[in-house]
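Structure first, then comments.
The values are calculated or read from the model by the stated rules, or taken from the named source; none is laboratory data. What you are looking at is a predicted structure, and each value in this text was computed from that prediction instead of being measured. Here the Cβ positions follow ideal geometry from the backbone for every residue, glycine too, while neighbour counts run over all protein chains shown. Remember, those area values only see protein heavy atoms, side chains included, never the ligands or the DNA or RNA. Shrake-Rupley method; radii C 1.70, N 1.55, O 1.52, S 1.80 Å.
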Amino acid sequence: MALLVYRALRAFGMRAALYTSPHLVDARERMVVEDRPITPEAFAQWTEVLQEGVEATEASFFEATTAIAFADFAARGADVAVVEVGLGGRLDSTNVLAPLVSAVTHVTLDHADFLGDSLSGIAAEKAGIAKPDTPFVVGETDPALCDVLAQHAAAAAARLVIVPPGMLYEGPLGLTGAHQRRNAAVAQAVVHELPRALRPDDESVRRGFAAAHLPGRFERRGKWILDVAHNPAGTAALAATVRELAPPKPRHALVGIMRDKDWAAMLAQLEEVVDAVWATIPPTAPAERCWDLEPVRERFPNVAAEPDFDRALAEVQRGAETVVVAGSFHTVGDAMARLPGFPPLG
């Protein structure tokens, strides 16, 4: 959703910035102004300038990159920044901002170790970005969760804007999948709530949404489909898109999931749309977050469990007309770093 708002602003001629997370290959992907990522020199410079404060506050990696991004956006003279929350909202480091508009696209059971294991609790955390006298756009369709979001918006004195269930963006869209049309409807609502001087007109929205491209979100390159689906909601959307587009068979999948995710549900969803699955461990994933493949072998005997990522990447291609790579940002990023046709960040 953040990318779509950014694209509309760029099509409108704004000097717009975009902050997203996590990255796929290079941390500089997270901070972009006018389609240009922060340079290696500027990243190093801001790291040095902010190092003392980062160390004094024991800031996390995400908190440090957020500070670098905000400093970079100011230094490069961005007119407006589209900032994606990293985790939850209420306690997220991005929540230091006083936004022009804030939004919750939908609520899923994710990051349960930090946000709790109930959807209503996660909705309450996400609602923490609602601010007084500021539009708070809600794309969630579950009535109970909408009530939670609405209650917190009222408590914050925010102006609630609910995108009606079933509303989809019907114009040209560069992103693939039915779920992206819902995301685009939410993005369009966000655009409409911007102050008049910053509000893209309908033609800019149309051109911006049509030009949207998000690496690793059902990204097709030849026989490869790369998607960062990293929870059951994500793999359900991925599976639905595979069914809709019906890429050639045999379809193989390379999957690497973090241990705190519901990997069993995710694998079951993917097995429905591919002919064979290789489970592996992405090398950039922190050791403490890597899943244990032994339970995978026991529960999914038809899944080939190969912990060596490079070997699994080689094996999954054999005899496949389509190869799906999914399960985490680490898995997709590590595959991109090894496959031809995915150039490094400029």
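Here are some notes:
- Sites A264 and D201, calculated FRET efficiency, Cβ-Cβ separation with R0 45 Å, nearest 0.05: 0.45
- Estimated FRET transfer efficiency when R0 is 22 angstrom, pair A98-L50 (beta carbons, to 0.05): 0.55
- Note that the range 172-184 has calculated 3J(HN,Hα) couplings of x, 9, x, 8, 9, x, 4, 5, 6, 5, 5, 4, 5 Hz, one per residue in order, obtained from phi through the Karplus relation 6.51 cos²θ - 1.76 cosθ + 1.60 (θ = phi - 60°); glycine and proline are x.
- The shape of the range 98-228 comes out oblate: with a ≥ b ≥ c from the C-alpha gyration tensor, a/c is at least 1.5 while a/b does not beat b/c.
- Value of relative contact order over the range 157-204, rounded to a whole percent, pairs C-alpha under 8 Å and six or more apart: 30 percent
- Values of log10 I(q)/I(0) for the chain across q = 0.09, 0.11, 0.12 Å⁻¹ run -0.50, -0.77, -0.93, by the Debye formula with one identical scatterer at each alpha carbon and no solvent.
- For the chain, share of DSSP beta bridges that run antiparallel, in % to the nearest 5: 25 percent
- Sequence-separation-based contact order of the range 1-153, relative, with Cα cut under 8 Å and 6+ spacing, percent: 20 percent
- When a 1.4 Å probe is rolled over the protein heavy atoms, the share of accessible surface on the chain that falls to carbon and sulfur comes to 53 percent.
- Cross-link partners of K249 among aspartates and glutamates, defined as those whose alpha carbon lies under 20 angstrom from its own and excluding same-chain residues fewer than eight positions apart: E219, D227, E271, E272, D275, E315, E321.
- Of all lysines in the structure, those lying under 20 Å Cα to Cα from K126, and not within fewer than 8 positions of it along the same chain, are K261.
- Phi-based couplings in Hz for the range 281-294 (Karplus 6.51, -1.76, 1.60; Gly and Pro marked x): 10, x, x, 7, 6, x, 4, 6, 9, 5, 6, 8, 7, 5
- Contact order relative to length of the range 249-346, as percent, for alpha carbon pairs under 8 angstrom and 6 or more apart: 39 percent
- Contour minus Cα-Cα distance for E272 and R318 (0.36 nm per residue): 14.6 nm
- Per residue, the range 302-346 exposes an accessible area of 43 Å² to a 1.4 Å probe, with every protein chain left in place.
- Amide hydrogen neighbours beyond the local backbone of A253, cut-off 5 Å, H modeled: A276, V277, W278, V324
- Between the Cα long axis of helix 2-11 and the first principal axis of the chain there is an angle of about 60°, rounded to the nearest 10.
- Dimensionless Rg/Rh of the range 49-138 - Kirkwood Rh, Rg from C-alpha atoms: 1.00
- Relative to the longest principal axis of the Cα atoms of the chain, helix 40-57 runs at roughly 80 degrees.
- Cα gyration tensor, the range 216-346 - rounded (a/c under 1.5), prolate or oblate: rounded
- Accessible area per residue in Å² at 1.4 Å probe, computed on the range 179-221: 47 Å²
- Per-peptide packing, taken as the mean over residues of other Cβ atoms within 10 Å, places 207-219, 4-16, 150-162 in the sequence 4-16, 207-219, 150-162 from highest down.
- Between 0 and 90 degrees, the angle of helix 61-75 with respect to the longest Cα principal axis of the chain falls at about 50 degrees.
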